[in-house]
Amino acid sequence: MQEVKYRNLIIGVLFLIMLSCKSNFKLKWTNEKAPEYFTAKFETTKGDFEIESRREWSPVAVDRLYQLIEHGFYTDIAIFRVLPNYVAQFGIHNDSTIASSWNRVKIKDEPVLKPNTQGSVSFARGGPETRGTQLFINLKDNSPRLDTISFMDVKGFPVVAQVISGFDVVESFYDGYEAELDNKQDTIFAQGNTYLKKNYPILDYIHKAYITKEE
């Protein structure tokens, strides 16, 4: 059993190395450490908003957030799930190979240290070690519910960032589709923005995100 587990691990690593050669992804990026504090700007179809992030809030996940922004993951990304007065969610890349590469490198679970108040940003997840690339912004104060809710023995959604400007932009993202795309994430993953723009043409998008300050 141990030999099988080890062999599968080696196969997984080799697969990631192959993907690194073929796509805009390098396995070494997932080892980069975020600064203790940084800010980033997101340019969207509705305007710009800016976040700040502190590594102490959720060190492993903040590292991942920094890696994703630093290496251009949030480029032409649909804000596909906007639930009025609740959350706005995004993070499925148009290129499924890039999305797969990042999501195959799991990050460990962490406790909630900062509450999910209005404007805070957390990684979405659906069980143990499933935080990958999808983020949601709290459109209202969702604490303590999203701090303490438990699913498959994983408790809450650790906050990784906070919107510090442009929250009015975040509030203006199109919410007419609400949760309609919840069960179509596999299709989004496979067909990307071609599918979304054909079937859900009013969605808003993140044009790009980039680091603006590091301390």
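Excluding Pro144 itself, what net charge comes from residues whose Cβ is under 14 Å from its Cβ, given Lys and Arg +1 and Asp and Glu -1?
Numbers: positive: Lys114, Lys140, Arg145, Lys155; negative: Asp141, Asp147.
Summing Lys and Arg as +1 and Asp and Glu as -1 gives +2.
Among the helices of the chain (complete DSSP H runs), which have Cα atoms covering no less than 20 Å along the helix axis and a Kyte-Doolittle mean of at least 0.0? If you can, show how the numbers build up before the last one.
Details: long enough: 2-22 (30 Å, 0.90).
For the chain, where a helix must reach 20 Å along its axis and average at least 0.0, the hits are 2-22.
Within a Cβ distance under 14 Å of Ala88, other residues only, what is the Lys/Arg minus Asp/Glu net charge?
-3
Counting only other residues whose beta carbon sits under 10 Å from that of Tyr200, what net charge do I get with K and R as +1, D and E as -1?
Net charge in that neighbourhood comes out at +2.
Hey, could you pull the Cα Rg and Dmax for the chain, both in Å?
16.9, 54
Ignoring solvent entirely, what values of log10 I(q)/I(0) come out of the Debye formula for region 80-152 at 0.13, 0.15, 0.26 Å⁻¹ when each Cα is a single scatterer?
Per q value, in the given order, log10 I(q)/I(0) is -0.41, -0.54, -1.26.
Determine the principal axes of the Cα atoms in region 79-121, then give the extent along each, sorted from largest to smallest and rounded to whole angstroms.
Ordered largest first, region 79-121 gives principal extents of 33, 26, 11 Å.
Might you report the magnitude of the Cβ-based charge dipole of the chain about its Cα centre, with Lys and Arg at +1 and Asp and Glu at -1, to the nearest 20 debye?
That gives the chain a dipole magnitude of about 720 debye.
Any read-out appearing in this document is the output of simple, stated calculations on the displayed coordinates, not a laboratory observation. Source: prediction; values computed, not measured. Here Cβ is always computed from backbone atoms with ideal geometry, including for glycine, and neighbour counts include all displayed protein chains.
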